[in-house]
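Enquirer: Below you'll find the structure I mean.
Nothing in this text is a laboratory measurement; each read-out follows from the coordinates by a stated rule. All figures in this text were calculated on a predicted structure; none of them were measured in a lab. Please note: Cβ atoms are built from the backbone with ideal geometry, for glycine as well, and neighbour counts cover all protein chains shown.
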Amino acid sequence: MSILIIKPGFQTTVQDLGRVGFKKSGVPESGCMDKFSCRLANILCGNNPTDAVLEMVLYGVEILTLSPLVVVFSGGGAQPVINQQLIPFNRPIFIPANTHVHTLPHPVGMRLYMAIGGGIDVPLVMGSRSTYLPAEAGNPCISGSILAIGKPSIIAENILKPLAIALHTIAFSHWGYLPQHTAIHSKIIRIMEGPEWHLFTLNAQRDCVLQPFTISPQSNRMGYRLHGKPLELIEKIEMISTAVTKGTIQVTPNGSLLILMADAQTTGGYPRIAQVIETDINTLAQIKPGDNIHFVMISLFEAMKINAGIENVLFKIRKSVELKFR
């Protein structure tokens, strides 16, 4: 089974949940920017949550299926269309072989995820199929790329059977409606105090959580640059490089903010004023350049409670799929 990338749009890459365990060697984790949408799409497709998917930035993608497939679209930024039919988010659908899939603009979100029953079967690099563009590692999709699809799980095959009613039609599932990732409608980003929070002036601390920040067009998978009132240190300091991770908010020498994202480096020398909670990194991944965001400070306990709630939602969805199709 396989698919052909006819047009990759703005940026289409193969991603999974990333390279875990290599930061000590300076290797970024990479992986999906919006891991919630990636995991949800895989679960609804009958895949393992760690299987590789397509991550598409905005619209303009065109794909030809070379085999009959069951797929799930999740996230935002683009509206998938097949045979002039708008495809719903977060529902498994059957797509016959030799079908053209393309994407149109969508008002909400930034990144669309396409999970395919069996997962995208490209070579592993350090235990992951994720694409890391700065090192040209993995699989950035270009026109003419053919991507192999792995063997579907028993669950994926059982999802496919009732959907594949007729090879010349698209069969929609009759599952209850699963809402699109609601977090992408929010511009509120919850943060915790960073290791160097106390080194900033009271005015800077206040401005960090009271003023809006605008996401710069000079933002990418490595990090989001923010425009806003500069934040000042109590006194200038020189820091040695220290550990950073996705979601770390650094303050550059000119006082501007930089939020590290999926492809971020593993160490940095700028003060770390705050850390975005894990759940809201997914939210950030779906916010477009030019949009404003606001930070809200919460405690570690609150962050853990929020994350546990998201994990509980995904656990319940996965168990429901397994009970229905195993």
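Enquirer: Over the chain, what portion of Cα pair distances is larger than 27 Å, expressed as a whole percent?
Expert: 44 percent
Enquirer: Here's another thing I want to ask about it. Please arrange THR103, THR201 by how many other C-beta atoms lie within 10 Å of their C-beta, fewest to most.
Expert: THR201, THR103
Enquirer: Just want to confirm a number: the relative contact order over region 186-303, from Cα pairs under 8 angstrom separated by 6+ residues, in percent.
Expert: Result for region 186-303 is 40 percent.
Enquirer: Let me ask something else about it. Please state the charge dipole magnitude for region 186-303, taken about the Cα centre, from unit charges on C-beta atoms (+1 on K and R, -1 on D and E), reported in debye and rounded to the nearest 20.
Expert: Charge dipole of region 186-303: 300 debye, to the nearest 20.
Enquirer: Most fluctuating residue of HIS227, HIS198, HIS294 in a GNM of the chain with Cα springs under 10 Å: which is it?
Expert: HIS198
Enquirer: Ok, one more. Once you keep just the Cα pairs under 8 angstrom separated by 6 or more residues, what percentage relative contact order results for the chain?
Expert: Relative CO of the chain lands at 20 percent.
Enquirer: Using the Kirkwood formula over every pair of different C-alpha atoms, what hydrodynamic radius in Å results for region 2-182?
Expert: Every distinct Cα pair counted, the radius reaches 16.1 Å.
Enquirer: Oh, and also: Treating the Cα atoms of region 244-294 as identical point scatterers in vacuum, please give the log10 of the normalised Debye intensity I(q)/I(0) at q = 0.13, 0.24, 0.30 Å⁻¹, two decimals.
Expert: Here log10 of I(q) over I(0) equals -0.30, -0.99, -1.29.
Enquirer: Something else now. Run the lone-cysteine check on the chain: no other Cys C-beta under 4.7 Å from the residue's C-beta.
Expert: When partners are defined as cysteine Cβ atoms under 4.7 Å apart, the chain leaves CYS45, CYS141, CYS208 without one.
Enquirer: Can you tell me what share of the DSSP beta bridges in the chain is antiparallel? A percent to the nearest 5 is fine.
Expert: Among the beta bridges of the chain, antiparallel pairing accounts for roughly 95 percent.
Enquirer: Continuing with this model, one more query. Quick check: the distance between the Cα centres of region 182-257 and region 62-99, to the nearest angstrom?
Expert: The distance from the Cα centre of region 182-257 to that of region 62-99 comes to 38 Å.
Enquirer: With the cut-off at 16 Å, report for region 186-303 the share of all Cα pairs above it, as a whole percent.
Expert: More than 16 Å apart: 56 percent of the Cα pairs in region 186-303.
Enquirer: By the scheme Lys and Arg +1, Asp and Glu -1, what is the net charge of all other residues having a beta-carbon under 13 Å from that of PRO271?
Expert: Taking every Cβ under 13 Å from that of PRO271, the sum is -3.
Enquirer: Can you tell me which of 81-94, 120-133 comes out highest on packing, and rank the rest after it, using the mean Cβ neighbours within 10 Å?
Expert: By packing density, highest mean first, the sequence is 120-133, 81-94.
Enquirer: Once every DSSP H run of n ≥ 4 in the chain is given -39500 (n - 2.57) and the sum is divided by its residues, what mean residue ellipticity at 222 nm do you get, rounded to the nearest 500 deg cm²/dmol?
Expert: Taking each H run of at least 4 residues, the total per residue is -6000 deg cm²/dmol.
Enquirer: For region 1-66, just the Cα atoms, rotate onto the principal axes and tell me the three extents in Å, largest first.
Expert: 39, 27, 22
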